[in-house]
Amino acid sequence: MLKEIFKNVFTKKKAIPFPEGFDVDPDQAVKVIDFQRKIDTIFHRSLRIRFVDAGSCNACEWEGTALMNPIYDIQRFGIDFVASPRHADLLLVSGPVTRQMELALRRTYAAMPEPKLVVACGDCAMNGGIYQGNYAVTDGVGNVIPVDGHIPGCPPTPTAILLGLSTIIDKFTK
């Protein structure tokens, strides 16, 4: 054990190189600042998101969780995930909405304060995806609660989720 500790303390480990392609160009930086201003204009504070898994395979949740890592870091835009729908401005729903989750999703939507924004995240949330037509699902979030926007993909990448949120916020401000 002491040998391992000694080895870890006194040997240099190579740092993991940062992935290529994560440099922010000036145009994208302007869009980010504009995105933050729009969030401030609508909500007068940070955007709070409640992520609801309505019966998905959890791939969309993994991509949503990646938004919080240092590469994407959505908190720099003033966006954060919350545990309660009563504190949420936007409901981000993944999955085809199983019959068992239908009532829970309706209650979550009802508990949200106005203005209510709902985004279907992933192909399953849009139209049922690979589960479409199955007796156990409702074939998408739009069949249960009103949806303001869709983010396609199976699963959508963190970048696609961020761009989708930006587009939906743009649409909401008009």
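Nothing in this text is a laboratory measurement; each read-out follows from the coordinates by a stated rule. All values derive from a computational prediction rather than experimental measurement.
Here are the numbers for the structure shown:
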read-out: Segment 149-174-segment 66-123 distance, computed between alpha-carbon centres (Å); value: 13 Å
read-out: Extension gain from Ala111 to Ala66, taking 0.36 nm per residue of separation minus the Cα-Cα distance; value: 13.6 nm
